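Please treat every number below as a calculation from the coordinates, not as lab data. As the structure is a prediction and not an experimental result, all values here were calculated from the model. Heads up, the Cβs are rebuilt from the backbone with ideal geometry, glycines too, and the neighbour counts pull from every protein chain shown.
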Amino acid sequence: MKISVCMMVRNEEALLGRALASTLGLADEVVIVDTGSTDGTIQLAEQFGARVLTGGDRRHKAQERNRGILAATGDWVVILDADEVIADPLGVRAYLEQTTAQAVYIRETFMDGDRATLSFHQMRCWRRGTFLYRYRAHEVPLPTEGWGACVYSDMVWEHRPPATGREWKREHMLMLLCMDVEENPHDARPYYYLGREYVYLKAWDAALDMLNRYLSLASEQDNDRAEAWGHLAT
């Protein structure tokens, strides 16, 4: 069985080596989409043996993640970010070799040194050809044909971002979310995430507008409804 680890990066020279090292014993190939690095990211990836696709558009995260996924040749696709570490790569490989599922959720675990501060499930592994991403920001994998068996696992991806140097991300995220809303005016999801971003920025009027639009479009079963009401209550 062949496993492809797919990544999307930009100026991640300081973190990429650690992430790539955590794929040893798991990945048969690593496919990296670079969205405009100006540091040594590309050279580091190539030294590791990764296949690097350049010319990526950092304004569309789903599009560029999908470019890497579509270039992968493995039986399984595994998604990893540069600020993450796969805690047990050999264990992940063993799990994927024995499961009959179409896709697997892992535990994304935020770390403060050696202490876990937050953990939640995310889909990060699936059989090639079954899922692609959607949305410019807060991209989510969706089935290409139909939902098959998806299982929840205790496999851990440790999230270890740098303490500084990411200040630009909030402004960039806001731009992408505004584009998502403009491109998907009848889709509840972008309104929720844009409203939440405005809450973080304490732009209360804009947050109220976006969250109310989200609630007007979201189904009663939408998992984000409770959190949206919580934001409105504050």
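3J(HN,Hα) along the range 182-194: 5, 7, 10, x, 10, 9, 5, 4, x, 5, 4, 5, 5 Hz, from the Karplus curve 6.51 cos²θ - 1.76 cosθ + 1.60 with θ = phi - 60°, whole Hz, x for Gly and Pro. Listing Cys150, Cys125 from fewest to most neighbouring C-beta atoms within 10 Å gives Cys150, Cys125. Ordered by the count of other Cβ atoms within 10 Å of each Cβ, fewest first, Val5, Val30, Val140 give Val140, Val30, Val5. For the chain, the 222 nm mean residue ellipticity estimated from helices alone, with every DSSP H stretch of n ≥ 4 adding -39500 (n - 2.57) and the total spread over all residues, rounds to -11500 deg cm²/dmol.
The Cβ shell under 10 Å around Gly55 holds other residues with a net charge of -2, Lys and Arg each +1, Asp and Glu each -1.
What the Kirkwood sum gives for the range 3-159 is a hydrodynamic radius of 15.6 Å, with every pair of different alpha carbons counted. Karplus-based coupling profile of the range 206-214, in residue order and whole Hz: 5, 4, 4, 4, 5, 5, 5, 5, 4, with θ = phi - 60° in 6.51 cos²θ - 1.76 cosθ + 1.60 and x standing for Gly or Pro.
The simple spin-label model puts a point 7 Å past each Cα toward its Cβ; for Ser119 and Leu90 those points are separated by 2.1 nm.
Taking the charge dipole of the range 117-234 about its Cα centre, with +1 at Lys and Arg Cβ atoms and -1 at Asp and Glu Cβ atoms, the residue from Trp157, Trp147, Trp168 reaching farthest to the positive side is Trp157. Full extension of the chain between Cys150 and Thr100 yields a length gain of 17.1 nm, computed as 0.36 nm times the residue separation minus the alpha carbon distance.
Note on the range 119-214: Rg/Rh from C-alpha atoms, Kirkwood Rh, equals 1.02. Between Leu142 and Ala14, what is the FRET efficiency for a Förster distance of 25 Å, r being their Cβ-Cβ separation, to the nearest 0.05? Result of the calculation: an efficiency of 0.20. Spin-label model, His172 to Asp57: label points 7 Å out along the Cα-to-beta-carbon direction sit 1.6 nm apart.
The range 173-233 and the range 1-80 have their alpha-carbon centroids 30 Å apart.
Which FRET efficiency value, to the nearest 0.05, is calculated for Asp112 and Ser216 with the Förster distance at 35 angstrom and r the Cβ-Cβ distance?
Working: r = 38 Å, r/R0 = 1.09.
My answer for the efficiency is 0.35.
The ranking of Ser216, Ser119, Ser4 by Cβ neighbour count inside 10 Å, starting from the fewest, reads Ser216, Ser119, Ser4. With 5 Å bins beginning at zero, the pair-distance distribution over Cα atoms of the range 168-233 amounts to 4, 21, 31, 25, 15, 4, 1, 0 %.
On a 0 to 90 degree scale, rounded to 10, what angle separates helix 89-98 from the longest Cα axis of the chain? That works out to roughly 90 degrees.
For the chain, DSSP calls about 50 percent of its internal beta bridges antiparallel.
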